[in-house]
1. What's the FRET efficiency of ASP176 with SER96 using the Cβ-Cβ distance as r and R₀ = 22 Å, to the nearest 0.05?
2. Separation of the stretch 63-77 and the stretch 185-210 by C-alpha centroid, Å?
3. Please give me the summed charge of the neighbours of LYS179: other residues whose Cβ is under 10 Å from its Cβ, Lys and Arg +1, Asp and Glu -1.
4. R0 = 25 Å: FRET efficiency of PHE197 with ASP66, Cβ-based, nearest 0.05?
5. Please compute one quarter of the surface area of the Cα convex hull for the stretch 68-208 and express it in square nanometres.
6. How about the stretch 174-210: which chymotrypsin sites (Phe, Trp or Tyr not before Pro) there lie in a loop by DSSP and see at most 10 other Cβ atoms within 10 Å?
7. Do any chymotrypsin sites (Phe, Trp or Tyr not before Pro) in the stretch 127-175 lie in a DSSP loop with no more than 11 other beta carbon atoms within 10 Å, and if so, which?
Amino acid sequence: MLIKFLCCLLALLMLVSGQKLTSANLRKCNTMLNQLDSKIQELKANLTSVNAEMSSRMSRSIVGTDAIYAMDATLPAGTLKCGRQDITGWTTNLDSYYAAGSSTLVSNTYFSNGVFTAPIAGYYNICGFFRFRNSGVSNDVNLYKGTTIIASFGDAIQYDWRSTGTCTVQSLAAGDTIKMRQDSTGSADCIEETGWFYARFSVYLIINSA
């Protein structure tokens, strides 16, 4: 239908412009329009594929279907932690888990006393951030998987307060633990939280590999 309409339109334009309407010209127009129609069909197929992919992406992480986990924690205002120590005393804002195929929410189970325990095997995005006070020599914070360091960040600027952090994607088995530890030994190497939520510890499940 579209081809016939375009053929008529081109024929009309040729007549208006004074060009002679011949069988050769019509065949040429018809060839060009067939090529155009083929391109339109290709674009339609591509659009259908894009829509299918978008629909697939939008349907991921569905409660009752997929395994879902997310955790977020901050330190309270007035927190000051100096020298080497595990970072504890977090306020848990979110600690939520849905098992695959379940719509039952499991809350405040997998993050406790500064330690995250993976509910299932999978790939997790893990992030840690702090604000360091303008004192001491340096600050070095390590993220540990069990007893193994998996990521680090820090600061050695003494004349200013500095906020920094890092994120890492890790493959975890069910029961693996993650914690953050200040490994600077100086008594004036301090993490400080004023209530602006500089300090943050977050984890979320990317891919369930169980």
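1. Working: r = 19 Å, r/R0 = 0.84.
That pair, ASP176 with SER96, gives E of 0.75.
2. About 14 Å separates the Cα centre of the stretch 63-77 from the one of the stretch 185-210.
3. Working: positive: LYS145, ARG181; negative: ASP86.
Local charge sum for LYS179: +1.
4. On the way: r = 29 Å, r/R0 = 1.15.
The value I calculate is 0.30.
5. Working: hull surface 31.1 nm².
With every direction weighted equally, the projected area is 7.8 nm².
6. Details: sites: TRP196, PHE197, TYR198, PHE201, TYR204; in loops: TRP196, PHE197, TYR198.
Of the chymotrypsin sites (Phe, Trp or Tyr not before Pro), the ones in loops of the stretch 174-210 whose Cβ has at most 10 other Cβ atoms within 10 Å are TRP196.
7. On the way: sites: PHE129, PHE130, PHE132, TYR144, PHE153, TYR159, TRP161; in loops: TYR159, TRP161.
Sites meeting the loop and neighbour criteria: TYR159.
Rule-based calculations on the coordinates, nothing more; no lab input. Since the model is a prediction, treat every value here as computed from it, not as a measurement. Glycine also receives a Cβ, built like all others from the backbone with ideal geometry; neighbour counts cover every protein chain displayed.
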